[in-house]
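Each value in this text was obtained by applying a stated rule to the coordinates, not by laboratory testing. The structure displayed is predicted, hence computed values, not measured ones. Cβ atoms come from the backbone with ideal geometry, glycine included; neighbour counts cover every protein chain shown.
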Amino acid sequence: MAQGVPLPRLIMFDLDGTLVDTAMEIAHSVNQTLAEAGFDSLPPELIREWIGKGTAWLFATVSQQVTGQDKERASQVYDQFYPRFLQVYHDLTGVHSRPYPGAPEALEILRAAGCQLAVVTNKDRDLSQRLLDSQGLAQAIDILVGGGDTPEGKPSPQPLQKALVDAGLSAQDALFVGDSSNDVQAARRAGVTIWAFNHGYNHGEPIAMANPDRVLDSFPELLQQLGVRPPLASPSI
């Protein structure tokens, strides 16, 4: 896909680290849960590196970290406190998160240009919907594929394939925009072109190391690469 070619009929976006910066919110939720469980807080920058594989994987990693990799104890902590973590995160969703600059405007511009828009994320579906609602992004999204909607999450291609089926389109009609190696692997396996932002949470590594088709710095650059311009403002009378 090159600048100047027809727009993809479907543009799929990852959520955390792509459309919305949720790192601080997730860190608050993790550390509040740990405090209730009697553990010390973890550094937000460490928690940030675990974002992207879904809440279950993240809290399992947290449980391993605070128990010193004691598998039996970590399993007990996970079983006892993961439901509480989900409740805390549910309650805090939208409180500390913010869309990345230009994201809301870009979604509206792409919809106006005729693209179907999807969010494909490993985050639990209810949390994903709540986050989109809280940030005023839900009205721009045609399709949501969240954690649990397919047997496997990214890096499996299944979530992207479900979005394609829901849109009634093929991989050649679509573009996926993400921020992590999971996103790149899922797109490759689904046969979808993958562009990636470098402002996300790629497990502490530069996203360029995952070899997406393009690396993006901002949402204005995304629009530029797609050859889409904001509509001209109506002249005042």
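Some notes on this structure:
- Rounded, prolate or oblate (a/c below 1.5 giving rounded, otherwise prolate when a/b exceeds b/c) for segment 23-92 by Cα gyration tensor: rounded
- Separation in nanometres of the label points that stand 7 Å from Cα toward Cβ, at ASP79 and ARG111: 4.5
- Remark: VAL215, VAL20 ranked as VAL215, VAL20, counting other beta-carbon atoms within 10 Å and listing the fewest first.
- Fewest-first ranking of ASP126, ASP16, using other Cβ atoms within 10 Å as the exposure measure: ASP126, ASP16
- Percent antiparallel among DSSP beta bridges (both partners in the chain, rounded to 5): 10
- One quarter of the convex hull surface built on the alpha carbon atoms of the chain amounts to 13.7 nm², the projected area averaged over directions.
- Listed from fewest to most Cβ neighbours within 10 Å, the set MET12, MET24 follows the order MET24, MET12.
- Extension gain (nm, one decimal) between ALA35 and VAL165, 0.36 nm per residue minus Cα-Cα: 42.5 nm
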